[in-house]
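The values are calculated or read from the model by the stated rules, or taken from the named source; none is laboratory data. For clarity, every value in this text was computed on a predicted model and none was experimentally measured. As a convention, Cβ positions derive from the backbone with ideal geometry for all residues, glycine included, and neighbour counts pool all protein chains shown.
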Ligand SMILES: Nc1ncnc2c1ncn2[C@@H]1O[C@H](COP(=O)(O)OP(=O)(O)OP(=O)(O)O)[C@@H](O)[C@H]1O
Ligand SMILES: [Mg+2]
């Protein structure tokens, strides 16, 4: 058999269609990344001596490790805040009428529709010493001296959480929307209360959305240069700003390159932990 | 078997439900169901069957009326306190839990310990003849098997009432028959009061002790399958349950048990006045089922012209056009060599017996 030429498989497309994107990716992403990696393998700023000195420096320097640690922690905190606040919104979205759904979507998307700089300055106005929060609390007589909100970890987390909220809420809305509403009813009729239904049915089945939302929020939060630096101010240093200082101010390109690579690997590690956690729970494979 | 405990009675007392959007889904429904009965809720799409089921289960709070299970008015109880088992049309198995976890879910919610739970789940899976599937996920089962799991899951909580929403709609014909027999067997064994929602009249007539026929949210008739089929109280029931010929006519004379009607097709027949007495001279619609009409050789009955004959397995259905231009169907059992009727042949038709025709006041 098989003398006749094999019929062309109509479901496979020529790879040619993907070529422009692949080329773009190669030129503007893979090549710079390789260059960055090449640069990070030099011990001196001029890039003449090969060696792992930059990595050794970073990994043995408590200050650098501290910056990495606080950045990863910041991401975790922002992600946690977004998840805790975003889940109820997404849950609510699936249970209200179409009119309220539009309102919720608008509120969720609003941060995406305003410029990041404007949003960040708004937070400065809200959190500042004479800002809205302090002014209100003082006029109510609840506090005597203004609270320090701006230039604190708390301030950065809150501002970032607001900015990244859509990245968490939208995947959650999609995931919750895929759950058959009859499952809620089935669980309830079998005698389960709302909390059991939530933890045994809704949460496991929404896990793909939780994973996607957490990954996006986390990645966006730790790389949010503008918000981090404006709300965090001079005292708080996170990886993006640290990198910027090394490259731009100190002109230490090899060290900046090593920082980027380490940062990249750290982020990849955290993201793959998210994904593995999701795979391990059976809700993820369930379709 | 172990679980014959006799189901509890269920009373639907003057229940009306209007959705917030304004749709009046069910209107003043009264059902008095004895413990252990199988009841079919029969009606066309959109007549309020699912709504009524969800009211009984407690997912919807009715606008008016009461639901009474056994001696208790349950209106204030949430679904998880009603002990009502429900099997959804799409089964609604938990996709991320194994079959045995699905079946044991209700027991876990009741705080039954793990070993007893698993033992009970296994026992139920044997009851529905799926003992080897315990570790699979729902999507690894066929539709019929998922159906059985859904049933086992609902039975696990030993409900006092079992509700089935179009349980067989998604199954092919042979499997549907198997499952109908299976459900009836399980119901007999457990004695649980059971309500089956269906829009398939054969299913309703074959499975249920009594059938409730609904139309546009109203209860048209609630009676035994033979009541509903042979003594329909409304024109709707007569036409929805089984097939029927509707023939217009005028009442010649009538008392409570029989009416003489002059059909527009050109003969006088005796019909049962269904749903109240008829007034002389009033227009009526007479319903005669195709299997209750016969061809007659003499000059009795009414005349017609054969249009088409369809051999349908055990019966042959003839389409006949009457003198007034309306069409009637005649169904003949296929006994040996049935007389072949050519298209265009002139024939005469008459009912097999007078009590088989039902006359309803014509609605304008
Ligand atoms: N959530 C709802 N909001 C408003 N109206 C509804 C809602 N659910 C159902 N209805 C309306 O109530 C009526 C009865 O619906 P129901 O689902 O009870 O019908 P059904 O008899 O189960 O039909 P089917 O056989 O198609 O399942 C319909 O007219 C429907 O449009
Ligand atoms: Mg329905």
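Observations, loosely collected:
- Test set (1) within 12 Å of ligand 1 (Cβ to nearest atom); (2) away from every other protein chain (no Cβ under 14 Å); (3) free of Cβ contacts under 8 Å to residues at least 60 places away in the same chain - residue B:14 fails condition number: (1)
- Residue list for segment B:189-202, filter: at negative phi and either more than 14 Å from ligand 2 (Cβ to nearest atom) or at pLDDT 90 or above (or both): B:189, B:190, B:192, B:193, B:194, B:195, B:196, B:197, B:198, B:201, B:202
- Checklist (1) within 14 Å of chain A (Cβ to nearest Cβ); (2) in contact with a helix residue (DSSP H, G or I) (Cβ under 9 Å, 6 or more places away or on another chain) applied to residue B:50, failing item: (2)
- Checklist (1) modelled with pLDDT under 85; (2) surrounded by fewer than 18 Cβ atoms within 10 Å (Cβ to Cβ) applied to residue B:278, failing item: (2)
- Scope segment B:99-116; condition within 9 Å of another protein chain (Cβ to nearest Cβ) and assigned to a loop (DSSP other than H, G, I, E, B); matching residues: B:110
- Only residues that are at the interface with chain B (Cβ under 10 Å from one of its Cβ atoms) and under 28 Å from the mean Cα position of the chain (by Cα) were counted in segment A:154-203, giving 3.
- Of all residues making up segment B:159-182, the number that are more than 16 Å from ligand 2 (Cβ to nearest atom) and either at pLDDT 90 or above or touching a strand residue (DSSP E or B) at 6+ places or on another chain (Cβ under 8 Å) (or both): 4
- Lone qualifier among A:212, A:192 - being surrounded by 19 or more Cβ atoms within 10 Å (Cβ to Cβ) and without any contact (Cβ under 8 Å) to a residue 12 or more places away in the chain: A:192
- Only listed residue being surrounded by fewer than 19 Cβ atoms within 10 Å (Cβ to Cβ) and either closer than 24 Å to residue B:216 by Cβ or touching a strand residue (DSSP E or B) at 6+ places or on another chain (Cβ under 8 Å) (or both), chosen from B:61, B:40, B:25, B:76: B:61
- When restricted to residues that are touching a residue at least 40 places away in the same chain (Cβ under 8 Å), outside any loop (DSSP other than H, G, I, E, B) and within 13 Å of chain A (Cβ to nearest Cβ), segment B:53-97 contains 8.
- Options B:269, B:288: the member that is touching a helix residue (DSSP H, G or I) at 6+ places or on another chain (Cβ under 9 Å), at pLDDT below 90 and crowded, with 17+ Cβ neighbours inside 10 Å: B:269
- Scanning segment B:122-141 for residues that are free of Cβ contacts under 8 Å to residues at least 12 places away in the same chain and within 14 Å of chain A (Cβ to nearest Cβ) yields a count of 1.
- The criterion of at least 2 residues that are away from ligand 1 (no atom under 16 Å from the Cβ), more than 14 Å from every other protein chain (Cβ to nearest Cβ) and surrounded by fewer than 19 Cβ atoms within 10 Å (Cβ to Cβ) is met, among strands (runs of 3 or more DSSP E) falling completely within segment B:142-257, by B:245-254.
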